[in-house]
Amino acid sequence: MQNYKFTKKRNMYIMTMRLLMWASAAVTCSLVIFMIIYVFIKGMPNISWELLSGEPSYLEEKTGILPDILNTVYIVFFTLLAVLPLGVGAAVYLTEYAKNKKVVGVIEYAAETLSGIPSIIYGLVGMLFFCQFLNMKTSLLAGAFTLVIMNLPTILRTTQESLKTVPQSYREGAFGLGAGKWRVIRTVVLPGCVDGVITGCILSVGRILGESAALLFTAGFAHALNGIFEGMWSSGCTLTVALYVYAKEQGEFGVAFAIAAILMVLTLLINLSAALAEKYFKRRRTV
Amino acid sequence: MSNMITVKNMCLWYGEHQALKNINVSIPEKSITAFIGPSGCGKSTFLKSLNRMNDLIQGVRITGDILYNGKNIFDSSVDVNELRREVGMVFQKPNPFPMSIYDNIAYGPRTHGIKNKAKLDDIVECSLRDAAIWEEVKDRLKKNALGLSGGQQQRLCIARALAVKPAVLLMDEPTSALDPISTSKIEELSMKLKENYTIIMVTHNMQQAVRISDQTAFFLLGELIEYGNTETLFSTPKDKRTEDYITGRFG
Amino acid sequence: MKDEKNFFEKLVHSIFLILGLVTVGCVLLITIYLIISGIPAIKKIGLVPFLFGKTWESTAEHASYGILPFILTSIYGTAGAIVIGVPIGFLTSVYLSKTAPKRIRGIVEAVVSLLAGIPSVVFGLVGMLVLVPGIRKIFHVADGASLLAAIVVLAIMILPSIIKVSVTALDAVPEEYENASLALGATPIETYFRVSVPAAKSGIATAVVLGIGRAIGEAMAVMMVSGNVANMPGLFQSVRFLTTAVASEMSYSSGLQRQALFSIALVLFLFIMLINAALKFFLKGKKE
């Protein structure tokens, strides 16, 4: 019996582990909280209406980030516009059409590979292919196409997951009524994957907002104020790239922190909407 | 024969639902006691109370006393880990850890502070012999335990429980997931183990209770309806409900 | 009528097939472009001098293109980030999966996914203004922009992937294992670290590999805090990673220098493919 006394050593082990776990979780959380507070304290005083609505000018020595905001909106809009049909189409093909296991395997492996490639490589290939080979020059359009490739796996995966939750009986029911394959997909399958598409969009918007390395050499870093059509064809930087340029190249930390604060708010909003969407879709599915 | 476990006026609630009602029972040492009754009658819940595994489930509340060797197991001076070492448990589904056979057996002793290699080797061999599985696994101690058959896994789990030198073995339907041959091996083993251990076994199989147990307790809807010598209980049940159950009229 | 319908269905089928193959096309496009544009410089410089040359002076009169400093910096930086990030992430995951009260778990998980969503330039910005001066003061070095700063930033950036994947793996450990351990008289904490963690080891290994992939591919945040000089790596040296080597010279490079940058990207790509293969290996192990 003596052997089995609850030893001091055992107690020490348990206490140490408990403490380490606590400390790690605390470190993780406090890092995030510190970053949020720090960015807000440094950034908020610099955010003004002039900054948000103006454009930078060396002549008048003023800065403004309206062009950057607009560029971001354009690029998000255009990227989603192009990536949605591609991603959803690929997901539909994988779950509804593909019978050959090898083809499925190859496509899924390709998607996995894409999601592991660093954004700097996307930027490089985007520059070579879109800007030079397809002669798009350094433009938002080239940037958007690069982002399309980057976000393809995200949309593909979320759509595929939600398609898997569409009950087989729905499809069988529709086929039983004599509907053709395309009609079944259009009326039964596609409506069933709306939640996956929306989740994918939210995630993609987050990724596009945060992206910088892939855009640096494809979309460029001009600050000109443009409408959407001329904008897409000309060089322009998004908020994130603008932050980099202001902080690293120009040393204007005030503007950089103002942009950082705006990006933080957007990140918070995106995370919130992702959480809400998940909650909403989960409830709808269980009803 | 002295009583190993004595339960007095024990009640158990899951939240608002009372799962066990006023249980009184004394379990003698070095014998096999079988708990029978239909599903959901509380026999498994009761078994898990004896080594306080129910502590882990949220919302469980227990009143009354459970005395182990004369000492209340809910007393604040009782170390629940030490209690669980002395009152071992074998589960319904064989649940070896995803490690080697050796490490499975050595896990308990190591946890309780035995680091000496020779001593561990000794314990492993002893436990495997006691669980009648040594001959089958002695050449593959370093192989993953999940490679064993279901029946072997269950005997390995018994060996693992024996390795920490318990006094009591709680078995929660240990043969319900096994084929008939494995079942009879476990039954044989139990008969042998009762020479040194107090065994309490929940079973769905009434023939099994008759075959191996010394005492039988019949549970129904959270109540202990009847408890006594197995032969007597099955041949001349005192309670009408016991008679109905053992003659197969319900459950 | 029937033929028309059949034709239409076939058309739709082929359209979806093409959409499905776009993904494969993208991977091929990237691979082929990297190989085609990466090979020429390696041919001119020579594979050994390129990979194992210790000096990178792309703008000097007698330019030398040795990328060993970048390779080593990327490896050391990633290893450092793993050494710091994995224990913190791993312990946090055990806490979240096993012992945290439900509400706290919810909050911490929300915080972790927020961390995952913060753009890398924001990490870089905060690193530039907090971490870099901090390192300068604490260690009394001339410039805080160093490998150490990059390691710390990377360690923080890989936390979310490590935590998320490990938590999923730990959540999936069957309760029976834990019950068996508790019934042997092990305490909950002992059970988590000695039974649950070994049972989830392939999932945790996956998490680590994912973290390596993220760390080795990160460019912007690292560029902002690492000083960006092509030195051989040292903890307090100003260094350049594979990623930042590409990013920092691309905008003004030409000729052989530009081609060499593509070759660096090719080397980085090969690293990533290696990591992908490792990932696939661990995921396969998990299924068995």
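Among bridges DSSP assigns within the protein assembly as shown, what percent are antiparallel (round to 5)?
Percent antiparallel among DSSP bridges in the protein assembly as shown is about 60.
Going 7 Å from the Cα of A:LYS279 along its beta-carbon direction, which residues of the stretch C:83-109 have the amide nitrogen within less than 20 Å of the resulting point?
In the stretch C:83-109, the label zone of A:LYS279 (backbone N under 20 Å from the point 7 Å along Cα→Cβ) covers C:101-109.
List the DSSP H helices in chain A whose Cα atoms stretch 30 Å or more along the helix axis and whose mean Kyte-Doolittle hydropathy is at least -0.5.
Taking the DSSP H segments of chain A (at least 30 Å long, mean hydropathy at least -0.5), we get A:8-43, A:66-92, A:140-164, A:253-286.
Viscosity 1.306 mPa s, temperature 10 °C: what is the translational diffusion coefficient of the protein assembly as shown from Stokes-Einstein with a Kirkwood Rh over Cα pairs, rounded to a whole number of µm²/s?
51 µm²/s
Suppose every Lys and Arg Cβ carries +1 and every Asp and Glu Cβ carries -1, with no other charges. What dipole size does the protein assembly as shown come out with about its Cα centre, to the nearest 20 debye?
Its charge dipole is roughly 1000 debye.
What's the ranking of B:117-127, B:85-95 by average number of surrounding C-beta atoms within 10 Å, highest first?
Sorting B:117-127, B:85-95 by mean packing, highest first, produces B:85-95, B:117-127.
If you stretched the chain out fully between B:SER184 and B:ASP55, how much longer would it get, using 0.36 nm times the residue separation minus the C-alpha to C-alpha distance?
43.2 nm
Using a 1.4 angstrom probe and counting only protein chains, how large is the accessible area of A:THR199 in Å², to 10?
Its accessible surface works out to 50 Å², give or take rounding.
What does the average come to when, for each residue of peptide A:32-42, you count the partner chain Cβ atoms lying within 10 Å of its Cβ?
4
Just to compare against my own numbers: the Cα pair-distance distribution for chain B, 10 Å bins, whole % per bin, please.
P(r) for chain B, in whole percents per bin: 7, 31, 35, 21, 6, 0.
Checking the a/c ratio against 1.5 first, then a/b against b/c, what shape does the Cα gyration tensor give for chain A?
Oblate.
Under 17 Å from the Cα of B:LYS71, which aspartates and glutamates turn up, not counting those fewer than eight places away in the same chain?
Of all the aspartates and glutamates, those that pass the test against B:LYS71 - Cα under 17 Å, at least 8 places apart if same chain - are B:GLU29, B:ASP79, B:GLU82, B:GLU86.
From the helices alone, meaning DSSP H stretches of at least four residues, give me the mean residue ellipticity at 222 nm for chain A, per-run term -39500 (n - 2.57), in deg cm²/dmol to the nearest 500.
So the calculated ellipticity at 222 nm is -22500 deg cm²/dmol.
Let me make sure I get this right: for chain C, a, b and c are the square roots of the gyration tensor eigenvalues over alpha carbons, sorted descending. Under 1.5 in a/c it's rounded, otherwise prolate if a/b > b/c, else oblate. Which is it?
oblate
Could you tell me the accessible area of C:MET128 in Å² (1.4 Å probe, neighbours in place), rounded to the nearest ten?
C:MET128 has an accessible surface of roughly 40 Å² with all protein chains in place.
Sort A:TRP182, A:TRP22 from largest to smallest accessible area, using a 1.4 Å probe on the heavy atoms of the protein chains.
A:TRP22, A:TRP182
How far is it, in nm, from the label point at A:VAL104 to the one at B:MET191 when both lie 7 Å from their Cα along the line to the Cβ?
So the label points at A:VAL104 and B:MET191 sit 5.2 nm apart.
Between rounded, prolate and oblate, where does the stretch C:1-125 land on the alpha carbon gyration tensor, with a ≥ b ≥ c its root eigenvalues, rounded for a/c under 1.5, else prolate if a/b exceeds b/c?
Because a/c hits 1.5 or more and a/b fails to exceed b/c, the stretch C:1-125 counts as oblate.
Enter the accessible area of B:ASP79 (Å², nearest 10), with the probe set to 1.4 Å and all protein chains included.
Number for this one is 50 Å².
Once you've got the Cα coordinates, tell me which of A:LYS164/B:LYS48; B:LYS192/C:LYS98; A:LYS102/C:LYS5; B:LYS43/C:LYS201; B:LYS93/B:LYS143 are over 30 Å apart.
A:LYS164/B:LYS48; B:LYS192/C:LYS98; B:LYS43/C:LYS201
I need the GluC sites (Glu not before Pro) found in the stretch A:156-240, filtered to DSSP loop residues with at most 16 other beta carbons within 10 Å of theirs.
none
Taking the square root of 5 times each eigenvalue of the Cα gyration tensor, what semi-axes in Å does the equivalent ellipsoid of the stretch A:2-46 have, largest first?
Its equivalent ellipsoid spans semi-axes of 44, 5, 4 Å.
Can you sort B:HIS204, A:HIS223, C:HIS62 by solvent-accessible area, 1.4 Å probe, largest first?
Solvent-accessible surface, decreasing: C:HIS62, B:HIS204, A:HIS223.
Given the rule -39500 (n - 2.57) for each run of at least 4 DSSP H residues, summed and divided by the residues of chain B, what is its mean residue ellipticity at 222 nm, to the nearest 500 deg cm²/dmol?
-10000 deg cm²/dmol, from helical runs alone.
For B:GLU136 and C:LYS102, what is the calculated FRET efficiency with R₀ set at 56 Å and r taken between the beta-carbons, to the nearest 0.05?
The formula returns an efficiency of 0.80 here.
The values are calculated or read from the model by the stated rules, or taken from the named source; none is laboratory data. On a predicted model such as this, the values are computed, not experimentally measured, just so you know. Every residue, glycine as well, gets a Cβ built from its backbone with ideal geometry; the counts of neighbours run over all protein chains shown. Side chains are part of the model used for accessible areas, which takes the heavy atoms of the whole protein and leaves out ligands, DNA and RNA. Shrake-Rupley method; radii C 1.70, N 1.55, O 1.52, S 1.80 Å.
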